[in-house]
1. Just subtract the alpha-carbon distance of Leu59 and Gln7 from 0.36 nm times their residue separation and send over the number in nm, one decimal.
2. Filter the cross-link list Lys156/Lys248; Lys248/Lys280; Lys248/Lys322; Lys116/Lys280; Lys116/Lys248 down to pairs whose alpha-carbon distance in this structure exceeds 27 Å.
3. Where does each of 126-136, 69-79, 282-292, 86-96 land if you order them by average Cβ count within 10 Å, highest first?
4. Under the definition of Cα pairs under 8 Å and six or more residues apart, what whole-number percent is the relative contact order of the range 93-180?
5. Peptides 98-111, 330-343: what's the order by average Cβ count within 10 Å, highest mean first?
6. Quote the FRET efficiency, to the nearest 0.05, computed for Gln294 versus Ala336 with a Förster distance R0 of 25 Å and r equal to the Cβ-Cβ distance.
7. Sort 225-237, 54-66 by packing, meaning the average of other beta carbons within 10 Å per residue, with the highest value first.
8. Using amide H atoms built in the peptide plane, which far-off residues or other-chain residues are under 5 Å from Val255 H to H?
Amino acid sequence: MTFLWPQFLWLLLTIPVLIAVYVWLLGRKKKMALQYASLSIVREAMGKSQSIRRHIPPLLFLLSFAAMLVASSRPFAVVTLPSERQTIMLAMDVSGSMRATDVLPNRLVASQNAAKAFLADLPRTVRVGIVAFAGTAAVVQPPTLSREDLTAAIDKFQLQRGTAIGNGIMVSLAELFPDAGIDLASLQFGRERPRGTALDQAFNQGMDGKVPRKDFAPVAPGSYTSAAIILLTDGQRTTGVDSLDAAKEAADRGVRVYTVGVGTVEGETIGFEGWSMRVKLDEETLRGIARATQAEYFYAGTAGNLKKVYETLSSRLAVEKKETEISGLLALTAAALALLSAALSLLWFNRIL
């Protein structure tokens, strides 16, 4: 526990003084009582239970006073509370491989349905943003509390060529940390950038396939609890920033990247506009991304399992531990103790203390 105004803790030294005064008053009252009755009559009148009861209201009042003094120092403690500022970025694969039907009706529709179910289960105080990625990545919906806008963005997905998983992670990070200096312009082209341009020169100076970054102090992986990224893909990267390099960037910023594998390990052959390819789930890469960021990988081989994955994530990400001022809670406790002290004193002795 830490204190914003620790100098007020010196007031707690008044507690021993009050205890000493109370003991002195008890002795004074006993001497006065002995002037009017014998000691045996006093003991008989009071009784053992009565003598214990007489100390309970003053004790409760003393505890109330101590709680008020601690509250005046404005203490902070790490508590688990429902997140009011949490942001979740959904990074969703819209590459051509998502047309595969090894998850019915196909991978894309299954992921869309599960994402909407996930949004419906989230607390309304959690902001959600959506990044769609194929050959490039883009924010299709900035973080918002509007579930209607998020649902509309998900329904508008269009399949495209290429799979830049790393770009999806980096664009999500750029949305979470707008001042981090992440060069999104150089990310969009990946290895298919236009040649002979200033962008091409930047890559030739050491940024080819790597993450353009601004200097910052890395933090412990998983330590940033106000935001998380949920990456939904089949894991087969074909272009853009290396997936594990992007995961390292997220880990250095403390952001967890939960990965959800869509499809089957066996996969299937799909065809489109005269080309065909074998698409299968790359679990090794997705596990590596989750491991690097202190998150978890989930397999979603069927649409039903995918919905369960999102339900699990919503319950995990709905609360967070954070340092919070608890002076209000201590003040409430002090008020409750003072009221209880007065009530017991009235009940037992027909007076307040």
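Each reported figure results from applying straightforward, stated rules to the coordinates on display, with no laboratory input. These numbers come from a predicted model, not from an experiment. Don't worry about glycine lacking a Cβ; one is built from the backbone with ideal geometry, like all the others, and counts go over all protein chains shown.
1. 16.2 nm
2. In this structure, Lys156/Lys248; Lys116/Lys248 exceed 27 Å between Cα atoms.
3. With the highest mean Cβ count within 10 Å placed first, the list reads 86-96, 126-136, 282-292, 69-79.
4. In percent, rounded to a whole number, it is 32.
5. The packing order, highest mean first, is 98-111, 330-343.
6. 0.05
7. Peptide ranking by packing, descending: 225-237, 54-66.
8. Gly222, Tyr224
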